1. Taking the stretch 144-162 as the search range and keeping residues that are open to solvent by 80 Å² or more (accessible area, probe 1.4 Å) and not in a helix (DSSP H, G or I), which one is farthest from Gly9 (Cα to Cα)?
2. Would you point out the residue of the stretch 24-64, among those that are of a type in the set (Asp, Glu) and out of contact with any strand residue (DSSP E or B) (no Cβ under 9 Å at 6 or more places or on another chain), that is most open to solvent (accessible area, probe 1.4 Å)?
3. How many residues are open to solvent by 10 Å² or more (accessible area, probe 1.4 Å) and touching a residue at least 12 places away in the same chain (Cβ under 8 Å) if we restrict to the stretch 81-100?
4. Considering only the stretch 58-81, I want to know if a residue exists there that is out of contact with any Gly (no Cβ under 8 Å at 6 or more places or on another chain), closer than 23 Å to Lys155 by Cα and polar (S, T, N, Q).
5. Going through the stretch 129-143 one residue at a time, which ones are in contact (Cβ under 8 Å) with a residue 12 or more places away in the chain and either closer than 23 Å to Met26 by Cα or buried (at least 20 other Cβ atoms within 10 Å of the Cβ) (or both)?
6. If the requirement is being in contact with a strand residue (DSSP E or B) (Cβ under 6 Å, 6 or more places away or on another chain) and either β-branched (Val, Ile, Thr) or over 18 Å from Glu17 (Cα atoms) (or both), which of these qualifies: Asp133, Asp111, Asp158?
7. Could you list all residues from the stretch 76-91 that are part of a helix (DSSP H, G or I) and out of contact with any Ser or Thr (no Cβ under 6 Å at 6 or more places or on another chain)?
Amino acid sequence: MTQQEPVNGFAVAVVREDGRWRCSRMDSSALSELDAAITELRQLRSTGAVFGLLAVDDEFFIILRPVPGGVALLLSDAAAALDYDIAADVLDLLRVDPPDEEDNELWPEGDLGVLTDLGMPAHELQIIVDEVDLYPDEQLQMIAQRVGFIDEFTKLLDTIQA
């Protein structure tokens, strides 16, 4: 992989418990190490939904959600695996080969139904992923709006990007 310098972006843990949403900033290591992101999310013990939203270098996003026996993953652009270790790790965990260097097409890899039970059907998530003119943070804001935690997400982003 060619990406060796620090990765820009943000990683947010989202928890829904007792009908309330809570968003918190994840450690910066979550942007470059998939195992670190998964471990941090697993430590957020909750009876409700727990998932992570990672926006990496204004290039792509990852949704990860611990599930019994593993983790559900969605990588917004499989070609990111050519340049970013964390994206390559997602494809590796999904047991998917990275795309060819010559492939210019953008496509997601993983579980588009990762948030279906929270109100984001797979076909709607596909529409958001296909919005190639949007930055990953804008795509994640659309997801937060649709699922219902946009206020908490926006407040946290304001503190992260300040």
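1. Among residues in the stretch 144-162 that are open to solvent by 80 Å² or more (accessible area, probe 1.4 Å) and not in a helix (DSSP H, G or I), the one farthest from Gly9 (Cα to Cα) is Ala162.
2. Asp35
3. Our first condition is that a residue be open to solvent by 10 Å² or more (accessible area, probe 1.4 Å); within the stretch 81-100, this holds for 82-85, 88-89, 92-100.
From what's left, touching a residue at least 12 places away in the same chain (Cβ under 8 Å): 82-85, 88-89, 93-94, 96, 98-99.
Number satisfying all stated conditions: 11.
4. Within the stretch 58-81, the first condition is being out of contact with any Gly (no Cβ under 8 Å at 6 or more places or on another chain), and the residues that meet it are 59-61, 66-71, 76-81.
Still in the running and closer than 23 Å to Lys155 by Cα: 59-61.
Restricting the remaining residues to those that are polar (S, T, N, Q) gives none.
No, the stretch 58-81 has no match at all.
5. Result: Val129, Tyr135, Pro136, Asp137, Gln139, Leu140, Gln141, Met142, Ile143.
6. None of the other options fit; the residue is Asp111.
7. Ala78, Ala79, Ala80, Ala81, Leu82, Asp85, Ala87, Ala88, Asp89, Val90, Leu91 - these are the residues of the stretch 76-91 that are part of a helix (DSSP H, G or I) and out of contact with any Ser or Thr (no Cβ under 6 Å at 6 or more places or on another chain).
For (1) in contact (Cβ under 8 Å) with a residue 40 or more places away in the chain; (2) more than 15 Å from Gln139 (Cβ to Cβ), each residue gets a yes or a no:
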position: Phe10; (1), (2): yes, no
position: Asp35; (1), (2): yes, yes
position: Ala49; (1), (2): yes, yes
position: Asp57; (1), (2): yes, no
position: Ile62; (1), (2): no, no
position: Pro68; (1), (2): no, yes
position: Ala79; (1), (2): no, yes
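The values are calculated or read from the model by the stated rules, or taken from the named source; none is laboratory data. These numbers come from a predicted model, not from an experiment. Quick reminder, even Gly has a Cβ in these numbers, built from the backbone with ideal geometry, and neighbours come from all protein chains shown. The accessibility values were calculated without ligands, DNA or RNA, using every heavy atom of the protein model including side chains. Shrake-Rupley method; radii C 1.70, N 1.55, O 1.52, S 1.80 Å.
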